Every structure is written in structure tokens, then in C-alpha cells.
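Working notes for the structure below.
None of the figures in this text is laboratory data; all of them are computed from the coordinates on show. Bear in mind that the values here come from a model prediction, so they are computed numbers and not experimental data. Using ideal geometry, Cβ is built from the backbone for each residue, glycine included, and neighbour counts are taken over all protein chains shown.
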Amino acid sequence: MAELTWDGKYRDGKRVAPVRIALPFQTIETVNESAQDRRRTLDLFASGRPSEWRNRLIWGDKKYVLPSLLPEFAGKVNLIYIDPPFDTGADFSFVRAVPGSEQRLEKVPSIIEQKAYRDTWGLTAEERARGTSSLDKYMRWFHESAALLVELLSDSGTLFVHVDHRLVFHVKVLLDELLGPERFLNIVTWRRQIPRGMKAHAKYMPHSSDFLLMYSKGESATWNEAKKETLISLAEAERKYMKDDRGFFRTSDPGTYSDESLIRLHKEGRIYVSKGGEFLVGKDGKVSVTKGTIGVKYYRQQRGNMVVEESVVDNVWDDIPGMGVVSSEWVGYPTQKPEALLERIITASTNDRDVVLDCFGGSGTTGVVAEKLKRRWIVCDLSRFAIHTARKRLLGIPGVKPFVVQNLGKYERQAWMKAEFEKPEDRAATEAAYRRFILDLFKADAVTGNAWIHGVKGGRAVHIGAVDAPVTLSDVKAVCKEVWQYGGAGKKGPDKAAADILGWDFAFELNEVGKQLAAEAQVDLRFRYIPKDVMDKQAVDQGDIQPKDFFELRALDVKATKAKRTVKVTLTDFMLPAEDLPEEVRVAVKHWSQWIDYWAVDWNFRDDTFHNEWQTYRTRERSELELDVSHEYADPGEYVIVVKVIDILGNDTTRQLAIEVR
């Protein structure tokens, strides 16, 4: 069998295997789960029994997500659909409207998203020097994913890979090698657009189709015959079909029908005899005709002034329009696919409660359709905003089942730190190397001899939070104390009572409580997120990460009022740091609520996972946002309420409130 080779396929004569670091998932949000379901889940967990299935929306790099799924799902996924990037000149930016304004805000891919695209196509100087092509890079990247996906697929499962004309043949050869050419089922041509304007005059004919490569894992894959409907006019039906009092029909040879079956069909009015012949039944029950031949009638359904033609779907799909036609579904993603496309794939290849996986989730179409069809689903994406968009689309489905939002969180960071900085013989040296690395990216100078102040920038002290723990109030107290104790010692020391605390995660309420404590200590304090992008070595080496990428935490004000056992939560203010936004966008916003795209409430937070029990969000049809909500508690007691806000840039902010209900 022919073999497709690429730069990096072999090392020292051996095949290079994909990364297989299996990390535990962290559930960061449970969506749409009732109080009763929550109690049952906690009881099952406490008793050591497996909890009920929850569909999963996973934010993370598939490089780590796929191997982390293997311990639980190897050989258990019934359908995998992937739509990997295949446009070498793609721009994955998209434009968002600022609510209540005519201004538009361009959402540029994060560095980590650009990193994924660069891993797919981009070349380093070293790779160019040794003659590596973009296609080499793509095939290496695609093979790493496909090899793991094959392991996840069940023996009766089906793999659909969505590609274009430039890569379809390369990808097929690779999949033939992974699964065997005998597992190739078909190639579907999907006509996604009808060329118009100058595109219709493209040299060597315009490209109007994508391709779906279908493979099975075992000898027999699940398959439900796919059918499609076409509507034709009454005039066209008159030309194509015969007609009687019941409507339009076509006929088919009776084939192996028994005389008994033909007699039954005759009584139902479904027998046609050609050439004006007559249908006869002898005393012995045998069927005959005076002349002509027997045909079985198959009637066409009529809908108003149209006639429905139903036919079996072949491998040319020209009846599902692309997103340029299905505008009602459009959410602004350039790679978004119509729901009808996924509906055909999922319906044909799975049954109720089968597991569907998409590790290039994008706007969430696969999860949305799987949910509507009562399938179980796992959708992954590298983009935080893609996860947010998918969550909103899922919540728009009536009766959507509870699902969880997960990531690999601190475990992914621990794996990165171990690979990049670990000195097993010297833990202190490892931590010092990590802090110097972050300080360099933040363009701060390192200082030594302190427990809490690790650097200085512009006269402000800089503290670097731990990889595997959130920044807490005790950290803030220690930093403020050391700012005053420092006394300007050393040439590079802070010369003002001010500090920037950089962290991966922050404890609830820290932005408000921590700043209040710092203000009392007369320290000007800012909290900034360490961007996940710092874990991308190539982005670091190319200088892509800048101090502006260390976003400052948003400020959220929330008020709670009580009337007996009813508590009303009201958003009263929300601020984004000005440096995060273009000037034209800042000017367009007249009210702080325009920054908010979505907010949700956990009415009984138990220091575990945020349980999304109520939410409101903007849609194309409803741009206004509710700013308050009430909840009645069944029992008196002390409760903790957590409010989560997601802004128009896709970043989330939380606020915690403690209340007592009597």
C-alpha cells in the first residue's frame, strides 16, 4: 500500500507517536442542573457510585484533551465528526456588535488560538531551512489528532472528516494507513454554495463543494438509511407522475410480492394495471390481469401547492444549503456549518443515547444538533469564546439536559511547568525559574531577597501567583505588608506603594475584598491574569506575548435584597479596564450593562463547582439584558450566592454574596 510521508513522521527510524499525557478534567460549571439533580449527584459521589451522565463542553487544546479522554472513552465513542482548519489563508477574527450601539468590535483570536493555527500550518525558521512545507506541518498535526480519535472510536463507530479540495486526497491516504483502506465507507460531496458574481467565472471552474470522508472502526458500522425530501410544483408533478383521485403516484414492479400481498394492496387502492388492463383474482386465489402489467402505486405527499418527493440520499449532497442561505442560524463564526448537515450525519450514523464527539467544536453546531436528537455529546474547542457561544446556543434549546463546562486547569499548567522548568533536585530553583519567565513576559525586572515581591515594573511591585493555586486574601495581605517593609531597598526596588499581582486563578471576591484591604493599607493594587498563552513556546519565542495580554480583572458590583425567603439579586455596575478596549468602542458605550453579554446565578454555592441555576443572555432576537432576578428559598438558613458575568469579549467575572434567610 502506498504510504504518505511528511517531515517529522519518523525519528531515528521510528514512527513519532502523539502526546499521551492524560490529565484529570476540572468541572468549572454545571449548567441547567436542578437542585434535586445536584443533591442526587452529590449523594452518588459521596457513596462512591458513578454519577449520571453529563454532556461535556470542554475548553482546551485537543493535544491534551484527547489523551485525557482516553481512560474513560477509549472504544466508546459512536460518532466522531471533525471539521479541522484547512484554509491556509484563514482569518478567524469575527465582528461583534456592541449592544445598544452601531459600533462593531472585532474579536481577534487569542494567542493560544493563533498558536493552534500556527501548529497546523506555520513554519519556524529552522523548519524552513530543512525544507519543511506547510503541508508537512499539517499532516503531522492532523495525524496526531487522528491517531487518538481512532482509539476513541467504538467498533461500530463512524468517523466523518470534513475537508476541502486541497487536502481531501492527502487526508484519505493518511486515514487509509491508520484504519485500513477496507474501512473506507464513502466520500460525500457537499455543495455548500452556488457561485455568483465573479466567482462564477473562476479559472478552471469555481470551487463550490467540501468533502466528507467516511470511515468505520470495525467491520460493521451503525447506519440508518438517510432520506431526503424535495418539493416540486403541481405543474412539474403533472409532467413526472400519474394521478388518480388520491393524488400523484409512481409505480414499481411488484417483484417478489405474493398473490396474497397483491390482493391486499388492490383492496387498498394501490395496484395499477397498464394498458387499461383489469386486475383479476381467480377462485384459487391466483392473481392475473386481462392485459398489461401490474405495478404497485407509491403516492407522493402533497403540501399545499407543492408535491413532496422522498428519495434515498446518495453521496452527493446538494440539498443542504450553506450558511449564506441559512442566515437564521448564523452566530458570526466563519467556519460555522448548518444544522441540517450535522442532522443528516448524526441521524444516519447513531441511535438514541449514542456518544458523539467533535474536538473542533467552533460555534457548537455538533453539540446543538446532538442534543436535539437525544444523543450524548462531547464538544471541545481551544477558544474561550467558542465555548461561550456554544453554551448560549445550547441554552436556547427547549428542555436542554444539564451539561458541564470543563477544562484541564491547574493540571495542564503543572504538566507545562514540569516540562519547562523542573529541577527535581531543587524545588526552589524550579519556582524561581518559573517566576523569572513570567516577569520577562510582563517586561518586569526580577528582584531577589523577598518572600512575596518577585519583581518591579514602573516603580510598582510585582507578585507572581503559583501555577497550581489561586491567589487568596492572605497572599494580598502578605504582598501589601512586604510593599511597606521593602522601603525601596535595592536599585530595582519599587519606589511607590503599589503592586501588580499576576495569577492564573483568583479566589472569589478577591477583586473587591482584596482591593479594599489594599486601600486600607494605602497600597494601589491591581490583579492581572497570566494568559494561558505563555505555555506556547513558539508564541514566546516569536515575541507574540506582550504585557497588554495580562488582562486586569473586571470590577463587578452586585446588590442583594431580601423579603422573607425571597432574595433579589441586581447587577449595579460592571467595569472593563480601558486599556482592554479600542477608543471607538469605549466612546460608543453609554451604560455599563452594554459590556455584559451573559450572566448567571448559583443560588446555593457549596464551594465546589459553579452551578448555573438561572441565566440571561443576549441573542440576535433579544438584545436587551435583564439586570435583576429573584429566587425563593424553600428552607431558612445561610446561603452563598455566586454571580457569574461574561463580557462581550468572552471573559468571565464572578461575585460572591453571603446571605441569611429566615
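In order along segment 184-190, the phi-based Karplus estimate (6.51 cos²θ - 1.76 cosθ + 1.60, θ = phi - 60°) of 3J(HN,Hα) comes to 6, 9, 5, 10, 9, 9, 9 Hz; Gly and Pro are listed as x.
Using DSSP to define loop residues, name the GluC sites (Glu not before Pro) in segment 264-337 whose beta-carbon has at most 10 other beta-carbon atoms within 10 Å. Working shown, then result.
Values: sites: Glu268, Glu278, Glu309, Glu310, Glu329; in loops: Glu268, Glu278.
Answer in residue order: Glu268, Glu278.
Our note on the geometry: Cα centres of segment 220-292 and segment 598-629, 57 Å apart. Report for the chain the percent antiparallel among DSSP-assigned beta bridges with both residues inside it, nearest 5. Bridges in the chain are about 70 percent antiparallel.
The angle between the Cα long axis of helix 427-441 and the longest principal axis of the Cα atoms of the chain comes to about 80 degrees, rounded to the nearest 10. For segment 552-634, GluC sites (Glu not before Pro) are listed when DSSP marks them as loop and at most 16 other Cβ atoms sit within 10 Å of their Cβ; the list is Glu621, Glu624, Glu626.
Contact order, relative form, for segment 460-559: 28 percent (alpha carbon pairs under 8 Å, 6 or more residues apart, mean separation divided by residue count). One entry in (i) 46, 28, 25; (ii) 56, 31, 24; (iii) 52, 31, 25 is semi-axes √(5λ) of the Cα gyration tensor in Å calculated from the shown coordinates; its label is (ii).
Note the angle between two axes, namely the Cα long axis of helix 339-349 and the longest principal axis of the Cα atoms of the chain, as a number of degrees from 0 to 90, rounded to the nearest 10. Its long axis makes an angle of about 70 degrees.
Couplings for segment 14-28, taken from phi via the Karplus curve 6.51 cos²θ - 1.76 cosθ + 1.60 with θ = phi - 60°, read 10, 5, 7, 8, x, 4, 10, 8, 8, 10, x, 7, 10, 7, 9 Hz in order; Gly and Pro are left as x. Phi angles across segment 168-183 convert, under the Karplus curve 6.51 cos²θ - 1.76 cosθ + 1.60 with θ = phi - 60°, into 3J(HN,Hα) values of 4, 6, 5, 5, 5, 4, 5, 5, 4, 5, 6, 9, x, x, 6, 8 Hz, Gly and Pro given as x.
Please tell me the relative contact order of the chain in percent, rounded to the nearest whole number, where contacts are Cα pairs under 8 Å and at least six residues apart.
Working: 1209 pairs, mean separation 97.3, N = 662.
Here the relative contact order equals 15 percent.
By how many degrees, between 0 and 90 and to the nearest 10, does the Cα long axis of helix 62-73 differ from the longest principal axis of the chain? Approximately 70 degrees, to the nearest 10. From its DSSP helices (H runs of at least four residues, each -39,500 (n - 2.57)), the chain gives a residue-normalised ellipticity at 222 nm of -8000 deg cm²/dmol. When the trypsin sites (Lys or Arg not before Pro) in segment 548-602 are filtered for DSSP coil states and for at most 15 other beta-carbon atoms within 10 Å of their beta-carbon, the remaining sites are Lys564, Arg565, Lys590.
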